[in-house]
Amino acid sequence: MKPKISLFLAAVLLFTVAAGSSAQRGKEREDPNVRSVSGAVRDHNDNVVEGAIVQLKNTKNLQVLSFVTRQDGTYNFHGLSTNADYELKAEHNGASSSVKRLSVFDSRKKAVINLKLESKQ
């Protein structure tokens with residue numbers, strides 16, 4: 001009878017250790033040097049815009065990433081450095097938004113920046 005109890009206790013201990021290390025791995029994934037930005041693109045009538053091109057420019061290394069907005073007009077960029085400034089701009093059918101900036105001084109881990117398209121001129 002004692003071997004079964006020992007086996008049971010060993011299994012419980014193993015499960016507890018595994019769960020604890022899994023929780024620790026989750027904390028390690030929350031890198032303090034990484035952030036994200038998301039938002040929605042709207043037109044001059046405040047309607048969401050599907051298919052707008054949102055460009056994200058890293059002003060430190062000049063890398064540009066693009067995202068095509070979803071049906072609900074939203075976009076998102078993940079895995080961004082907290083040590084770089086970013087510029088965001090949206091374009092759709094000749095209309096474009098003003099440039100918005102995500103600064104290194106913005107401490108939000110999940111920044112929300114909405115973009116509004118200005119009418120064609």
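List the residue pairs whose Cβ atoms are under 8 Å apart, where the first residue sits in segment 47-72 and is in contact (Cβ under 8 Å) with a residue 40 or more places away in the chain, the second is surrounded by 15 or more Cβ atoms within 10 Å (Cβ to Cβ) and assigned to a loop (DSSP other than H, G, I, E, B), and the two are 6 or more positions apart or on different chains.
Close Cβ pairs satisfying both conditions: V49/D43; V49/T69; V49/G73; G51/T69; A52/T69; A52/G73; V54/T69.
Answer yes or no as to whether V104 is in a strand (DSSP E or B), out of contact with any helix residue (DSSP H, G or I) (no Cβ under 7 Å at 6 or more places or on another chain), among the β-branched types (V, I, T) and at pLDDT 95 or above.
Spelling it out, it is not the case that V104 is in a strand (DSSP E or B), out of contact with any helix residue (DSSP H, G or I) (no Cβ under 7 Å at 6 or more places or on another chain), among the β-branched types (V, I, T) and at pLDDT 95 or above.
Looking at (1) at pLDDT 95 or above; (2) in contact with a Ser or Thr (Cβ under 7 Å, 6 or more places away or on another chain); (3) in a loop (DSSP other than H, G, I, E, B), can you tell me which one H44 breaks?
The single condition H44 does not satisfy is (1).
Condition first: buried (at least 18 other Cβ atoms within 10 Å of the Cβ) and either acidic (D, E) or part of a strand (DSSP E or B) (or both). Now tell me which residues in segment 58-70 satisfy that.
The one that is buried (at least 18 other Cβ atoms within 10 Å of the Cβ) and either acidic (D, E) or part of a strand (DSSP E or B) (or both): F67.
Counting only residues that are in contact with an Asp or Glu (Cβ under 7 Å, 6 or more places away or on another chain) and either polar (S, T, N, Q) or not in a strand (DSSP E or B) (or both), which one in segment 71-97 is surrounded by the fewest Cβ atoms within 10 Å (Cβ to Cβ)?
Q71
The values are calculated or read from the model by the stated rules, or taken from the named source; none is laboratory data. This structure is a prediction, so every number in the text was calculated from the model and none was measured. Positions of Cβ are backbone-derived with ideal geometry, glycine not excepted, and every protein chain shown enters the neighbour counts.
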